[in-house]
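Dropping the structure in here first, questions after.
We did not get these values from a lab; they are worked out from the coordinates using the rules stated. On a predicted model such as this, the values are computed, not experimentally measured, just so you know. Note that we place each Cβ from the backbone using ideal geometry, even for glycine, and neighbour counts take in every protein chain shown.
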Amino acid sequence: MTASMFGVWALKAVILIVILLTGFAYATYYERRAIARIQARIGPNRAGPWGLLQPVADGVKLIFKEEFIPAKADRVLFTLAPILVAVPAFMLGAVVPWGGEVPFFGRTVHLYLADVDVATLYIMAVGSLAVYGIVLAGWSSNNKYSLLGGLRSAAQMISYELAMGLALVGPILLAGSMSLVKIVEAQKSIWYIVYQPLAFVIFVITAFAEINRPPFDLPEGEQELTGGYHTEYGGMRFALFYMGEYIKVVVMSALIAALFLGGYNGPGVEAFPWLGPVYMFVKILVLVFFAIWTRATLPRLRYDRLMAFGWKVLFPLALLNVFLTAIGIVVLGG
């Protein structure tokens with residue numbers, strides 16, 4: 001790698017981190033305003049015009065909040081757990097194609113950090129790392145409620161990650177590649193949601209379960225576990241858990257857009273390549289709103305029903321989708 005290539009790569013990495021941090025901050029604002037509108041409330045409107053500085057105010061508040069470690073907690077793991085939740089969320093963004101090739105000061109720049117040939121495997125591997133942070137947070141807190149939340153998260157991840165992995169097989173078979181860039185490029189003529197509506201629904205549901213979003217937020221379960229795995233956390237350690245969750249909401253929305261909704265493809269992209277990131281942003285915005293709408297609408301599932309739904313409904317349907325996709329490709333001659 002030459003010095004100039006390393007400089008471009010480092011610059012893109014810094015820009016990606018800034019985008020994800022900004023996306024995390026304003027995803028919380030977006031959610032609070034949207035849910036307030038759904039519930040006929042006002043929402044945050046005091047910090048800055050239209051409340052746009054509310055994420056800044058929340059960040060300053062969390063910085064100055066007291067942080068404490070329970071007396072009998074494992075101090076090392078207690079401190080490490082929030083980092084293990086937040087870091088994988090950033091790592092997932094590295095393989096997302098936010099745009100295609102665009103001209104930039106006389107040279108062509110790819111609007112993604114890395115085009116990995118096994119990007120879908122990378123997504124499954126890195127996405128599952130966050131559960132270690134949640135389990136360690138629950139165990140190291142020396143709190144039974146926190147431990148139950150961590151164990152719930154582990155069981156939930158095992159149940160829903162199988163269906164998520166199988167939902168990825170459909171787009172992989174259609175594109176003939178595990179590279180997200182190639183999957184997006186293969187959708188120039190038609191989006192894969194047309195060919196894979198069942199895989200799309202399964203992936204969206206399992207993505208919600210993967211990031212503990214309502215109605216699958218059983219590891220938190222305030223009514224049952226007083227807050228779950230992060231009961232003993234405060235200040236910036238507590239903020240890291242929410243950073244990981246909301247960055248994953250943005251990244252998972254980007255992955256859904258890339259796998260099933262054509263990614264950065266849209267009318268006029270070939271003539272005006274800078275339209276690609278705009279289309280990607282709009283699709284992510286719609287999918288994030290869908291996640292918010294789901295939170296405001298559906299109640300939390302009972303835990304046994306959550307597990308049964310993953311094993312008895314989503315897993316068989318995901319297997320069926322792989323079977324039918326393979327048959328379709330063979331019958332139609334690839």
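From the cross-link list 248/283; 72/144; 182/248, which pairs have alpha carbons spaced over 18 Å apart?
182/248
How would you classify the range 228-334 from its alpha-carbon gyration tensor, with a ≥ b ≥ c the square roots of the eigenvalues: rounded for a/c under 1.5, else prolate if a/b is greater than b/c, otherwise oblate?
Verdict is oblate for the range 228-334.
Then there's this: Nearest 10 degrees, 0 to 90: what angle lies between the long axis of helix 75-92 and the longest principal axis of the chain (Cα atoms)?
The angle comes out at about 20 degrees.
Compute the acute angle (0 to 90°) between the alpha-carbon long axis of helix 54-64 and the principal axis of greatest extent of the alpha-carbon atoms of the chain; round to the nearest 10°.
50
Sticking with this one: Sticking to Cα atoms, compute the Rg of the range 66-331 to one decimal and its Dmax as the biggest Cα-Cα distance, whole number, in Å.
19.4, 64
Follow-up question, since we're still on this one. Using the 10 angstrom Cβ neighbour count as an exposure proxy, how do 58, 304, 115 rank, fewest first?
Ordered by Cβ neighbours within 10 Å, fewest first: 304, 115, 58.
Moving on to the next point. Please report, in cubic angstrom per residue, the volume enclosed by the convex hull of the alpha-carbon atoms of the range 152-219.
Once divided by residue count, the hull of the range 152-219 is 85 Å³.
A follow-up question, please. For 110, 230, what's the fewest-to-most ordering of other Cβ within 10 Å of each Cβ?
110, 230
For the range 156-173, take each phi angle, set θ = phi - 60°, evaluate the Karplus expression 6.51 cos²θ - 1.76 cosθ + 1.60, and give the result in whole Hz per residue in order, putting x for glycine and proline.
Ordered by residue, 3J(HN,Hα) equals 5, 5, 4, 5, 9, 6, 4, 5, 4, x, 5, 5, 6, 5, x, x, 5, 5 Hz.
Further question: Quick check: the angle from helix 235-260's long axis to the longest principal axis of the chain, C-alpha only, nearest 10 degrees?
In the chain, helix 235-260 runs at an angle near 20 degrees to the longest axis.
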